[in-house]
Amino acid sequence: MLNVNNIYKNFGDLKVLKGVSTEIKAGEVVSIIGASGSGKSTLLRCMNLLETPTFGEVWMEGKLLTPVDPYLHPEVIACSNTYKKLVAEGMSSGDAIVKIKAEDLLNEKFSSAEGKEYRAAMKKIYDENYIDINVARQKMGMVFQQFNLFNNLSVKENIMFAPVSIGLAKIRKAKRKNLLIKLGNLFKKEKKELIEITETKESIKAEAEAKAMELLRRIGLEEKADVYPSTLSGGQKQRIAIIRALAMNPEVMLFDEPTSALDPEMIGEVLDLMKELANEGMTMVIVTHEMGFAREVSDRVLFVDEGYIKEDRPPEELFKSPEDPRLRDFLSKVL
Amino acid sequence: MSLVTIIENIAKIMGRYWYVFLVKGVGYTLLLSIIVLVCGAILGSIMAIGKGSKFAPLRWIITAVVEVVRGTPSLLQLYIGYFFVPKLLNIEGLSAQMQAFVCCAIALIINSAAYVSEIVRSGIEAVDKGQTEASRSLGLNSFTTMTKIILPQAIKNILPALGNEFIVVIKETSLASTFFVGDLMTAYLEVKGATYLSTECLIIVGAIYFVLTFTLSKIMGVAERKMKAHA
């Protein structure tokens, strides 16, 4: 469902991720643990491109979200001028790729002097697999540490905002296309058919509102529908943030330390809602400091440290018999 | 000259020239102010958003405009507008007074837009980055995020500063009287020329300016309270 392929992320001189790969399968619940500053949040944010990886690719359901990373496609590298030169000089193809990659990693960008053929090969892969990031993000819910409810909208409007905005944008787009088709039809003998627009502004709003109320009822906060976020407690805010993401019917949910900014007595209500989602079969990636929770709900736990995934195992194994010394050290501190 | 005579003179002047002050003067001042306020606010907001653009030359141009406008006197900008705009736009069909009015309006709009853009930019930057991230993570494009989430919150934050700028604009329109555009200060020059009662005319004009700006500041206060009501 979600493929992270050899991700590097640099913030200036700081190298946060140094080649991370993992696959999130449909229905899987994956927890990411690690000390602060280890890069676990960055890894999560790279998954929906809130951070753009410096190198590497992110794929979602066979669609490419990031630019093409030539090192992951040997056929692209094979088109590059430098590669051809190095091979012609007698270097083996594997060594040549390693050398080019090392140089580019140093310069933090893909070399531009690799010729037309190289760029065309990259463009071909991109064009075949490209998906608009905004479309991809509609299927990826994200929950933040600081809740990030929209302060200028009421609770209900918060939940309705994305479905309504995106629904209306679709109608506008269909109408624009119809206009073009109508104009075209004036001059052609073969009349093209218009796109059928079944939804109206009102129907989209009504549908979104019904869905919002249903979700609010689910978490027992329907009486808060018309209040503004500033009047809510942390736990309420976070649960609303979760159902706001659910309103888009996402296929995967990303949680970035969802309970770290909460008072202790409110952590339970948020974790309960997340457990419910996990039991319903939602695909989830959770960056968390709640080891007990990670152990209980996860199918797999990733331990991220120094920019690498050091361990990637089911929770029982990982917590019982940690292999990596840094993980052992980490667990002894937090457990 | 006693206070009593001044008050008597003011009454006399108002009796005879009320039309020049209250209708013509206030009319032109308000017209000029409203045009400058609205166009300046729109242009300023566009400039503020443009300053966050990825296209570097656009950012440079906007920064240059803001710096030049901030670094030169408003009166000088009006002179430049007065002599330069007729070369760019064909406004010869208008009366001399209307030509001056258009030139002054354009110069004041650019002046106001520069200040408004700085205010709006500070407001945009003050909105938590998490708001943008939340909106983008839901799959909304940057335009919808900016217009529906960021700008409404930014405007709420900058309303006091914006109100201040609007009051400054109303007062700056008085500079346009240099070119006799018919505003309140022009009315003062006119009536003073006819009556030779400089002090009285100044008091009248000052009082009218004060009423205008005070009303505006009260309106802004109401808007602020309304926006504070939620969130």
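The values are calculated or read from the model by the stated rules, or taken from the named source; none is laboratory data. Source: prediction; values computed, not measured. Every residue, glycine as well, gets a Cβ built from its backbone with ideal geometry; the counts of neighbours run over all protein chains shown.
A quick yes/no check of all residues on (1) basic (Lys, Arg); (2) at pLDDT 80 or above:
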| position | (1), (2) |
| --- | --- |
| A:3 | no, yes |
| A:15 | yes, yes |
| A:33 | no, yes |
| A:57 | no, yes |
| A:72 | no, yes |
| A:94 | no, no |
Does residue A:136 count as within 27 Å of the chain's Cα centre (by Cα), within 14 Å of chain B (Cβ to nearest Cβ) and within 30 Å of residue A:262 (Cα to Cα)? yes
Pairs needed: first member in the stretch A:15-37, among the charged types (D, E, K, R); second member anywhere, in a loop (DSSP other than H, G, I, E, B); C-beta distance under 7 Å; at least 6 residues apart or different chains. A:15/A:307; A:18/A:307; A:25/A:1; A:28/A:299
Checking the structure you have, find out if any residue of the stretch B:124-140 is buried (at least 20 other Cβ atoms within 10 Å of the Cβ), in contact (Cβ under 8 Å) with a residue 12 or more places away in the chain and within 30 Å of residue B:19 (Cα to Cα). no
Go through (1) within 12 Å of chain B (Cβ to nearest Cβ); (2) at pLDDT below 95; (3) not in a loop (DSSP other than H, G, I, E, B) for residue A:241 and report which single condition fails. (2)
Here are some conditions: (1) more than 27 Å from residue A:134 (Cα to Cα); (2) away from chain B (no Cβ under 14 Å); (3) charged (D, E, K, R). Residue A:226 meets all but one. Which one does it not meet? (2)
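Here's the yes/no breakdown for (1) away from chain A (no Cβ under 14 Å); (2) part of a helix (DSSP H, G or I); (3) touching a residue at least 40 places away in the same chain (Cβ under 8 Å); (4) more than 30 Å from residue B:226 (Cα to Cα):
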residue: B:81; (1), (2), (3), (4): yes, yes, no, yes
residue: B:92; (1), (2), (3), (4): yes, no, no, yes
residue: B:101; (1), (2), (3), (4): yes, yes, yes, yes
residue: B:108; (1), (2), (3), (4): yes, yes, yes, no
residue: B:114; (1), (2), (3), (4): yes, yes, yes, no
residue: B:118; (1), (2), (3), (4): yes, yes, yes, no
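Being more than 8 Å from chain B (Cβ to nearest Cβ) and touching a residue at least 40 places away in the same chain (Cβ under 8 Å) is the filter here; which residues of the stretch A:154-168 pass it? Quick ask: steps written out before the conclusion?
So the first thing to find is which residues in the stretch A:154-168 are more than 8 Å from chain B (Cβ to nearest Cβ), and the list is A:155-160, A:163-164, A:167-168.
Selection gives A:155, A:156, A:158, A:159, A:160, A:163, A:164, A:167.
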Residues of the stretch B:131-177 satisfying the condition of being touching a Phe, Trp or Tyr at 6+ places or on another chain (Cβ under 6 Å) and within 14 Å of chain A (Cβ to nearest Cβ): B:149
Any residue in the stretch B:163-185 that is in a helix (DSSP H, G or I), out of contact with any helix residue (DSSP H, G or I) (no Cβ under 7 Å at 6 or more places or on another chain), closer than 30 Å to residue A:136 by Cα and of a type in the set (A, V, I, L, M, F, W, C)? no
When restricted to B:172, B:200, the only residue touching a residue at least 12 places away in the same chain (Cβ under 8 Å) and under 26 Å from residue B:110 (Cβ atoms) is B:172
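If we keep just the residues of the stretch A:297-335 that are within 23 Å of the chain's Cα centre (by Cα) and assigned to a helix (DSSP H, G or I), which is farthest from residue A:9 (Cα to Cα)?
So in the stretch A:297-335, the residues within 23 Å of the chain's Cα centre (by Cα) come out as A:297-315.
Now drop any that are not assigned to a helix (DSSP H, G or I), which leaves A:297, A:315.
On the way: A:297: 29, A:315: 27 Å.
Here the answer is A:297.
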Can you give me the number of residues within the stretch A:175-216 that are under 19 Å from residue A:161 (Cβ atoms) and outside any loop (DSSP other than H, G, I, E, B)? 16
